[in-house]
Amino acid sequence: MPDTSAADLIEPAAPEDEVKVYRHELKYYISFANYQILSALLRAHMQMDANCIGKKDHSYWIRSLYFDTPGNKDFFEKEIGYHIRKKIRLRIYDVTQPLVNLEIKNKNGQYMMKETARLSRAEARALIRGDRDMLLQADNPTLDKVYYLMCRDLYRPVMLVDYRREAYIAPIQHIRITFDKEIKAGGVDFDMFNPNLNMRPVFDAPAMVLEVKFHRFLPNWIKELLSSFQAERSAVSKYCLGRYIF
């Protein structure tokens with residue numbers, strides 16, 4: 001079972017998530033060797049996310065269950081490179097937690113905006129089974145939007161993705177730099193509360209995804225630090241990485 005605890009039920013939302021404004025999101029592939037150097041530098045100059053302190057490998061565990069249409073609309077819009085697109089997912093940080101995040105991740109170019117609502121475990125299981133009606137039981141605009149999208153386009157669960165996240169933060173511009181490592185995917189069993197799922201690594205060699213999120217601008221020292229490493233800028237998607245192997 002992942003080494004998380006009940007204290008880590010929900011990843012803290014940044015202020016821009018709460019008011020639903022777009023923020024910049026840059027992604028890179030990074031080698032394990034470059035990660036070791038860059039993470040040490042970030043640890044010296046930025047604050048480690050509280051969820052990472054005292055954890056294995058300075059990281060916390062995340063599992064996301066992605067939904068898509070019968071024609072894989074969201075997958076192909078990402079692959080084709082649509083400027084405006086979205087993903088719908090359930091997210092947990094511990095297989096025992098009582099609440100589950102239901103999220104719509106909206107992308108507009110390099111800008112991201114996340115809409116989040118909370119479901120109980122029973123409601124999440126119902127949604128996985130295809131029962132969407134319970135989304136209307138609460139007066140919540142995000143749940144209403146998910147209900148409309150799922151009914152219109154017949155969304156169903158298609159991909160589970162697990163990984164560990166090492167995160168660093170800076171108060172200026174709500175900067176958040178993360179390393180997503182040990183990325184694994186599963187495309188058969190969608191019981192997201194099962195700690196013993198058979199998940200497959202998405203990378204053959206040691207590699208990970210570096211994400212840089214910020215409000216309006218990055219300070220020059222962070223730009224210079226990132227530019228000094230060989231990292232491949234990419235519109236990488238952990239959901240799509242999973243779909244490539246299933």
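The values are calculated or read from the model by the stated rules, or taken from the named source; none is laboratory data. Fair warning: this is a prediction, and the values are worked out from it, not measured in the lab. Here Cβ is always computed from backbone atoms with ideal geometry, including for glycine, and neighbour counts include all displayed protein chains.
Summary of computed values
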item: All positions within the stretch 30-62 that are of a type outside the set (A, V, I, L, M, F, W, C) and in contact with a Lys or Arg (Cβ under 7 Å, 6 or more places away or on another chain); result: 57, 59, 60
item: In the stretch 203-213, residue surrounded by the most Cβ atoms within 10 Å (Cβ to Cβ) [restricted to those that are under 18 Å from residue 39 (Cβ atoms) and either of a type in the set (Lys, Arg) or at pLDDT 85 or above (or both)]; result: 210
item: Matching residues, the stretch 51-72, being surrounded by fewer than 16 Cβ atoms within 10 Å (Cβ to Cβ) and in contact (Cβ under 8 Å) with a residue 24 or more places away in the chain; result: 56, 57, 70, 72
item: Only one of 223, 213 that is free of Cβ contacts under 8 Å to residues at least 12 places away in the same chain and over 16 Å from residue 62 (Cα atoms); result: 223
item: Some residue of the stretch 79-93 being more than 29 Å from residue 215 (Cα to Cα) and either under 14 Å from the mean Cα position of the chain (by Cα) or surrounded by 14 or more Cβ atoms within 10 Å (Cβ to Cβ) (or both); result: no
item: Residue, farthest from residue 71 (Cα to Cα), within the stretch 155-174, restricted to residues that are among the hydrophobic types (A, V, I, L, M, F, W, C) and modelled with pLDDT of 95 or more; result: 169
item: Pairs, first touching a residue at least 60 places away in the same chain (Cβ under 8 Å) in the stretch 138-163, second among the aromatic types (Phe, Trp, Tyr) and in a helix (DSSP H, G or I), C-beta under 9 Å, six or more apart; result: 158/75; 158/239; 159/75; 159/239; 161/239
item: Output for the stretch 166-187, where each listed residue is under 16 Å from residue 56 (Cβ atoms) and charged (D, E, K, R); result: 166, 180, 181, 182, 184
item: Total residues in the stretch 215-230, condition within 21 Å of the chain's Cα centre (by Cα) and either surrounded by fewer than 12 Cβ atoms within 10 Å (Cβ to Cβ) or within 25 Å of residue 66 (Cβ to Cβ) (or both); result: 1
item: Residue that is farthest from residue 53 (Cα to Cα) [pool: residues in the stretch 141-180 that are surrounded by 21 or more Cβ atoms within 10 Å (Cβ to Cβ) and among the basic types (Lys, Arg)]; result: 164
item: Verdict on residue 109 being in contact with a His (Cβ under 6 Å, 6 or more places away or on another chain), free of Cβ contacts under 8 Å to residues at least 40 places away in the same chain and surrounded by fewer than 19 Cβ atoms within 10 Å (Cβ to Cβ); result: yes
